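The values are calculated or read from the model by the stated rules, or taken from the named source; none is laboratory data. What you see is a predicted model; the values in this text were computed from it and never measured. When we count neighbours, we look across all protein chains shown, and the Cβ atoms used for this are built from the backbone with ideal geometry, even at glycine. These accessible areas exclude ligands, DNA and RNA; they are computed on the full protein's heavy atoms, side chains included. Shrake-Rupley method; radii C 1.70, N 1.55, O 1.52, S 1.80 Å.
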Amino acid sequence: MTDTSATFRPPRRIDWTGIAFAVVLTVVIIFPLIVVGTWAFTNVWRYPAIIPQEFGLRYWGSTLARQDVWTSITMSISLSVRVTLRSCIICLPAAYACARMSCPARNLLFFSFLAGHAFPKFGLLVAIAAIFLQLNLIGTFWGVALIQLVGTLLFMI
């Protein structure tokens, strides 16, 4: 006598809710990216055409010929590199300490990371703007770097 219970598999249930959620997320996230990517390489696209009539790089040349665009690009790259390096210097030892060492307030610290994302940050940003205004950091490289650093600290730890 053979045991057929080991080879019998019940049919899989299809998770329609999960599929619908994935489709909605795909449309909401991917579709705008496709539209922006299409516009980035379109020279002519007039109504009522569904696809562009002419693809090309005509507007890229005029955009990249501007000096202020290159200044912005170099400033953005410089800012992101500096903020990332400083965030690593601060957060990696803190993350190691949180992971390896036990302290009485460890769970409270982890909860504070989550609580920081539970509420709107508008009030916090207004208070930070007032402080930065007093310190003359509004509109400066280091003012932007500091506010970006504050935003990355929670994610890095």
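Computed quantities for the displayed model
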quantity: Residues satisfying the stated conditions in segment 79-110, i.e. without any contact (Cβ under 8 Å) to a residue 60 or more places away in the chain and in contact with a Phe, Trp or Tyr (Cβ under 9 Å, 6 or more places away or on another chain); calculated: CYS98
quantity: 3 or more residues of a type in the set (Ser, Thr, Tyr): qualifying helices (runs of 4 or more DSSP H) within segment 28-139; calculated: 58-64, 67-100
quantity: Verdict on VAL27 being within 30 Å of VAL150 (Cα to Cα) and either open to solvent by 90 Å² or more (accessible area, probe 1.4 Å) or out of contact with any strand residue (DSSP E or B) (no Cβ under 9 Å at 6 or more places or on another chain) (or both); calculated: no
quantity: Some residue of segment 112-119 being loosely packed, with under 14 Cβ neighbours inside 10 Å and at pLDDT 80 or above; calculated: no
quantity: Odd one out for GLU54 among (1) at pLDDT 90 or above; (2) open to solvent by 100 Å² or more (accessible area, probe 1.4 Å); (3) among the charged types (D, E, K, R); calculated: (2)
quantity: Subset of segment 57-87 [modelled with pLDDT under 90 and open to solvent by less than 60 Å² (accessible area, probe 1.4 Å)]; calculated: GLY61
